[in-house]
Amino acid sequence: MTSSDVVDTALCATLTQAMDIVITEAIALRDALTRRAVDSIDIPITGRTHGMHAEPTTFGAKFALFALQVQRDVERARHARTSIAVGKLSGAVGTFSNIDPAVEKYVCSRLGLEAVPATQVIARDRHAEVLYACASLGTAIEQFALEVRHLARSEVGEAEESFTSARRDRRDAAQAQPRSLGTTVRAQSGTAGIPASRTRGRRPLARA
């Protein structure tokens, strides 16, 4: 047995559990968006193309499109979860030269993983699929947050975030109100892990 047998299998087990959490939370988000779509299907709002007024639409239509996008992300996450739920204990070159295949089968079954053929390591396209599924979901969430921030701008004023009593005590509360939550969500989803120096000045709508 080689160290990659342990490390790669453990990483796949960890990522599998992580994807279970991602899928559960994404489904909750999809359901929440679906409920809001139904509740607001008849509330009119200005439709826009390139930021300019176009035909009218409704808040319900916006929420419905968001819900459909998250549903696609749920499907991607489920597929990625299946791809990463694998393991291997087949030795340095995957030939079981110094370990019984029954050991691999037993360990993987106990971890809820599928034993797969491999070389020294588990194929990295499986990990890439997980990363893409998470990136796609994060991009969708960032898009929702940006839409809220746009609709809450002073010159638009078609939506606003809730305003707690704790935030009323802040001197700059009036200025911070429409962008606080949207800013936080965008920072934690779309630009997570990217140094601020690389993103500063590249988000014209967020900075407008």
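The values are calculated or read from the model by the stated rules, or taken from the named source; none is laboratory data. All of these numbers come straight from a predicted model, not from anything done at the bench. Cβ sites come from the backbone with ideal geometry, for glycine too, and all protein chains shown count toward neighbours.
Counting only residues that are assigned to a loop (DSSP other than H, G, I, E, B) and hydroxyl-bearing (S, T, Y), the range 1-57 holds 3 of them.
Number of residues in the range 140-158 that are among the charged types (D, E, K, R), surrounded by fewer than 20 Cβ atoms within 10 Å (Cβ to Cβ) and not in a loop (DSSP other than H, G, I, E, B) equals 1. Checking each residue of the range 34-56 against the condition of being modelled with pLDDT of 95 or more and within 24 Å of D125 (Cβ to Cβ) gives no match.
When the range 124-152 is filtered for residues that are free of Cβ contacts under 8 Å to residues at least 60 places away in the same chain and hydroxyl-bearing (S, T, Y), the ones remaining, listed by number, are Y132, T139. Within the range 84-97, can one find any residue that is closer than 23 Å to V22 by Cα, buried (at least 19 other Cβ atoms within 10 Å of the Cβ) and without any contact (Cβ under 8 Å) to a residue 40 or more places away in the chain? The answer is no; no qualifying residue exists.
Checked against (1) under 15 Å from the mean Cα position of the chain (by Cα); (2) on the phi > 0 side of the Ramachandran plot, Y132 passes all but a single condition, namely (2). The sole residue among D100, D73, D20 that is surrounded by 18 or more Cβ atoms within 10 Å (Cβ to Cβ), among the charged types (D, E, K, R) and closer than 30 Å to V7 by Cα is D73.
I'd like to know if the range 68-89 contains one or more residues that are at pLDDT 95 or above, of a type outside the set (V, I, T) and under 21 Å from A159 (Cβ atoms). Yes - at least one qualifying residue is present in the range 68-89.
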